[in-house]
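Student: For reference, the structure I am asking about is given below.
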């Protein structure tokens, strides 16, 4: 479904999106690579779906921010850049942690607050880590200066990798975002700042919170850096755009600001009933703009997938998620004596 045909077409009527010849790109990448990406997206979807169910059963505490509906974005960027760069994310960090090597078991155990969890049960759903994921940050916009610092460190040490940062559209109004872009531009820091515009900053529609858009295009001009605007529902568009960015950053070491337009399928968090959205609109979005179904269609056109095979792949991911729930259920609670371990203050 084209962005101009979306429910919120008034938001995007002035947007000029990165153009991708999807059929040609799909053939070039090949069925095996696309199937691998589809499996990763299904794993994200199933893990979060089961975790949400556990949350509603009272097994997961705190907040839980689902990435459902946005899976194509981070799947594509990790496919392109791999695990060499530094990554930083907001509290909507489950997918990125999984893509960067955290196992379903350790992620689910962390959701449950168990000792075997990704952060020993201390981080919960908002604070996941890997060797290359600097963390999910609970402070809106707090991850952007961290990513800029990682980019500076790479440049200082002559490491040929960018830092990659994800934030929501609501974080664009934060001062830390603008200070970070200013420094990145002044010092030519190798970083890719990805604004995941999922239309709703908590419960506020983006055009009631951000004064000018397209967001990346307008903000990038202020700081003299390059920008992209991408359809976040399309894995192939994301893959091609991020591939182009990889070449540019490797060549000139300069920052790039990206806006990826997509709509989350859930509320801001599990506790958000999303009453500010029309039920009919949401049904249309989930039917026509599901990144998993859109990628599935391209693989089907290659003759490499049918409905039975898709259901089998989905069930395989579901089974892994259910096993992760069993693992989390059976895992021990952390010893209260360890509460202050890993906590530092000066």
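Student: Please verify whether residue 129 is in contact with a strand residue (DSSP E or B) (Cβ under 6 Å, 6 or more places away or on another chain), under 28 Å from residue 340 (Cα atoms), touching a residue at least 40 places away in the same chain (Cβ under 8 Å) and not in a helix (DSSP H, G or I), treating the condition exactly as stated.
Tutor: no
Student: Can you go through 294, 282 and tell me which one is over 22 Å from residue 65 (Cβ atoms) and either part of a helix (DSSP H, G or I) or touching a residue at least 12 places away in the same chain (Cβ under 8 Å) (or both)?
Tutor: Result of the check over 294, 282: 294.
Student: Okay, next question. Kindly provide the set of residues from the range 236-258 that are outside any helix (DSSP H, G or I) and in contact with a strand residue (DSSP E or B) (Cβ under 6 Å, 6 or more places away or on another chain), ordered by number.
Tutor: Once the filter is applied, which keeps residues that are outside any helix (DSSP H, G or I) and in contact with a strand residue (DSSP E or B) (Cβ under 6 Å, 6 or more places away or on another chain), the range 236-258 yields 255, 256, 257, 258.
Student: Quick check, is residue 228 over 23 Å from residue 252 (Cβ atoms) and either touching a strand residue (DSSP E or B) at 6+ places or on another chain (Cβ under 9 Å) or crowded, with 19+ Cβ neighbours inside 10 Å (or both)?
Tutor: When the stated conditions are applied, residue 228 does not pass them.
Student: Scan the range 106-126 for residues that are in contact (Cβ under 8 Å) with a residue 40 or more places away in the chain and either crowded, with 20+ Cβ neighbours inside 10 Å or within 23 Å of residue 168 (Cα to Cα) (or both) and jot them down.
Tutor: 107, 108, 109, 111, 112, 113, 114, 117, 121, 124, 125, 126
Student: May I pose another question? Only one of these is touching a helix residue (DSSP H, G or I) at 6+ places or on another chain (Cβ under 7 Å), in a loop (DSSP other than H, G, I, E, B) and within 24 Å of residue 141 (Cβ to Cβ): 87, 67. Name it.
Tutor: The unique qualifying residue is 67.
Student: For the range 182-213, give me each residue that is in a helix (DSSP H, G or I), touching a residue at least 12 places away in the same chain (Cβ under 8 Å) and surrounded by fewer than 24 Cβ atoms within 10 Å (Cβ to Cβ).
Tutor: Passing the criteria: 182, 183, 185, 206, 207.
Residues are listed down the side, and each one gets a yes or a no for (1) out of contact with any strand residue (DSSP E or B) (no Cβ under 8 Å at 6 or more places or on another chain); (2) assigned to a helix (DSSP H, G or I); (3) under 18 Å from residue 71 (Cα atoms):
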site	(1), (2), (3)
92	no, no, yes
97	no, yes, yes
107	yes, yes, yes
118	yes, no, no
139	yes, no, no
144	no, yes, no
148	no, yes, no
155	yes, yes, no
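Student: May I pose another question? Applying the selection to the range 301-346, what residues are closer than 19 Å to residue 125 by Cα, modelled with pLDDT under 95 and in a helix (DSSP H, G or I)?
Tutor: Residues satisfying the conditions do not exist here.
The values are calculated or read from the model by the stated rules, or taken from the named source; none is laboratory data. Please read these numbers as outputs of a predicted model, since none were measured by experiment. Backbone-built Cβ (ideal geometry, glycine too); neighbour counts: all protein chains shown.
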